[in-house]
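The values are calculated or read from the model by the stated rules, or taken from the named source; none is laboratory data. Model, not experiment: these values are computed from the prediction. Cβ placement follows ideal geometry from the backbone for every residue including glycine, while neighbour counts extend to all protein chains displayed.
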Amino acid sequence: MSYGNMLDALRKHEVEYASIYSELPSLNDVFLTLTGKALRE
């Protein structure tokens, strides 16, 4: 979802927000999402 679409959806549903940011997931985040298990160090 693009920022514009996301902001439009928030406005449509009258959701209030102070700020919005995004960040790319780490390899550990992706692995955890796909497997349900954390990477071992």
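Does any residue of the range 14-24 turn out to be within 12 Å of the chain's Cα centre (by Cα) and at pLDDT 90 or above?
Yes, the range 14-24 contains a residue that is within 12 Å of the chain's Cα centre (by Cα) and at pLDDT 90 or above.
Return the pairs, sorted by first residue and then second, in which the second residue is in a helix (DSSP H, G or I), the first residue lies in the range 16-29 and is surrounded by 10 or more Cβ atoms within 10 Å (Cβ to Cβ), the beta carbons are less than 9 Å apart, and the residues are 6+ apart or on different chains.
Final answer for the pair search is PRO25/THR33.
Which residues, counting only those in the range 2-15, are loosely packed, with under 11 Cβ neighbours inside 10 Å and small (Gly, Ala, Ser)?
Residues satisfying the conditions are SER2, GLY4.
Residues to consider are VAL15, VAL30; find the one that is assigned to a helix (DSSP H, G or I) and either among the aliphatic types (A, V, I, L, M) or touching a Pro at 6+ places or on another chain (Cβ under 7 Å) (or both).
It is VAL30.
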